[in-house]
1. Report, by residue number, each residue of region 171-194 that is under 22 Å from residue 43 (Cβ atoms) and more than 25 Å from the chain's Cα centre (by Cα).
2. Mind checking which strands (runs of 3 or more DSSP E) fall wholly inside region 1-111 and carry at least 3 residues that are over 26 Å from residue 157 (Cβ atoms) and at pLDDT 90 or above?
3. Hey, any hits in region 231-246 for a residue that's assigned to a loop (DSSP other than H, G, I, E, B) and open to solvent by 10 Å² or more (accessible area, probe 1.4 Å)?
4. If I filter region 357-377 down to residues being under 26 Å from the mean Cα position of the chain (by Cα) and assigned to a loop (DSSP other than H, G, I, E, B), which single residue comes out as nearest to residue 321 (Cα to Cα)?
5. For region 200-228, what are the residues that are under 17 Å from residue 261 (Cα atoms) and touching a Lys or Arg at 6+ places or on another chain (Cβ under 9 Å)?
6. Here is a check on your reading of the model: is residue 97 crowded, with 23+ Cβ neighbours inside 10 Å, touching a Lys or Arg at 6+ places or on another chain (Cβ under 8 Å) and of a type in the set (Gly, Ala, Ser)?
7. So, residue 299, is that one at pLDDT below 95, assigned to a loop (DSSP other than H, G, I, E, B) and open to solvent by 10 Å² or more (accessible area, probe 1.4 Å) or not?
8. Surrounded by fewer than 18 Cβ atoms within 10 Å (Cβ to Cβ) and either closer than 21 Å to residue 293 by Cα or in contact (Cβ under 8 Å) with a residue 40 or more places away in the chain (or both): which single residue out of 377, 318, 389 fits that description?
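The values are calculated or read from the model by the stated rules, or taken from the named source; none is laboratory data. Here the structure is a predicted model, which means the values were calculated and not measured. Every residue, glycine among them, receives a Cβ derived from its backbone with ideal geometry; neighbour counts consider all protein chains shown. All accessible areas refer to the heavy atoms of the entire protein, side chains included, with ligands and DNA or RNA removed. Shrake-Rupley method; radii C 1.70, N 1.55, O 1.52, S 1.80 Å.
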Amino acid sequence: MDRILLLIKRFIPRKLFKSLEPLYHFSLALLGAFLYGFPTKKLYVIGITGTKGKTTTAELTNAVLEEAGFKTALAGTLRFKIGANSKPNLFKMTMPGRFFLQKFFKEAVESGCTHAIIEITSEGVKQFRHRFLYLDALIFTNLAPEHIESHGSYEKYLAAKLEIGRQLVRSKKPHPLFIGNKNNSETKRFLKLPIREKKLFSLTDASPYDLSKDGSSFSWRGERVKTRLVGEFNLDNILAALTLGEAIGISKKVLLEAIEGFKGVPGRMEEIRGGQDFSVIVDYAHTPDSLEAVYKAYEKWRKICVLSGTGGGRDKWKRPKMGEIASRYCDSIILTDEDPYDEDPEVIISDIKAGITNKNTEIEMDRRAAIRKALQKAGTGDVVLITGKGTDPYIMGPGGSKTPWSDASVAKEELEKLLKGSA
């Protein structure tokens, strides 16, 4: 289908193509749903959207549903899962083309799944990939500036997110349910939509709570709960899953057992252990808000930060902001390459560095070498934070080139070398 689109672009004038593009994408979405028999009509479908927290909330929601005994399917940034079978998402996009998703959900129905969870992105909305996904529930985590250059403005980005809410209305499932973050100012926009049942959550629902670099404890519905997840933002993610579970009738006992048994999400505040006396954390943080949230979670400890978090050709506005945030929180900063695509990586790094006032900063364009240097700098009790890629499987270079990559694997390898050398 991408080849067809490229051919159309080549032979149709740009202005005419732009006017026809929405019809093209909508037609493909309809055709895919038709070919696979509109499978999401046969599932309880939970959509999850927001700037941050989609993947962790999706995994938490899946854990809650599985603990309740449901057979689930999950489609998101991290993986595609049907029942016990799971495979990584290697597409470098959260929502692959329409036919892929419709085929995936048909296989979920045929495998006996009753519930499905899908992360829905604003980029997917632009290409109508949300259409003919018949939602029963929508979880809205939060909204902050992101994909501004792609959408054209923050208002257009917000409009794409609100369109997902309209898809919930459009789905005409019997009991549409909206779960929203009370503390995000944009939630009120969703509340204006004609959705029958609306439930809100906020950090006050978890008070009092205690945070540490090894996990958190909080109160919910009169019970004290422990979790391995770190940071206030993860309490929001947990509350979203708990609110959804409670709304669809899952017992408090089952919900809390699911949360306490949840081991975490690869590439999302993932701790790399190798017997060292300092912490090593890999996280996907790639927006100013998410980067600050990660740093704040370890505010009390000395931090060595491997920073990139802004790919080539997109959202250039946030680069100095990311640098400024690192300046405020990090004791040592190592700037490195991430996904330059067709842009000069040194220009990207220069843009980030423009926001840094911290003098303890160095540039190491080789990402492996940057991780190695960060580990070498760490002392007892320190925290090494490697942000920007999470579980992204490739470093994206010029001309569409892909270099296989894993921040977690590289950190483990370099940590093992370091510890062997000091033995």
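1. 172, 173, 174, 175
2. 85-88
3. No, there is no match, as no residue in region 231-246 is assigned to a loop (DSSP other than H, G, I, E, B) and open to solvent by 10 Å² or more (accessible area, probe 1.4 Å).
4. Here the residue is 365.
5. Step one: of region 200-228, the residues under 17 Å from residue 261 (Cα atoms) are 214-220, 223-228.
Result: 214, 215, 216, 217, 218, 220, 223, 228.
6. No: the conditions fail for residue 97.
7. Yes: the conditions hold for residue 299.
8. 377
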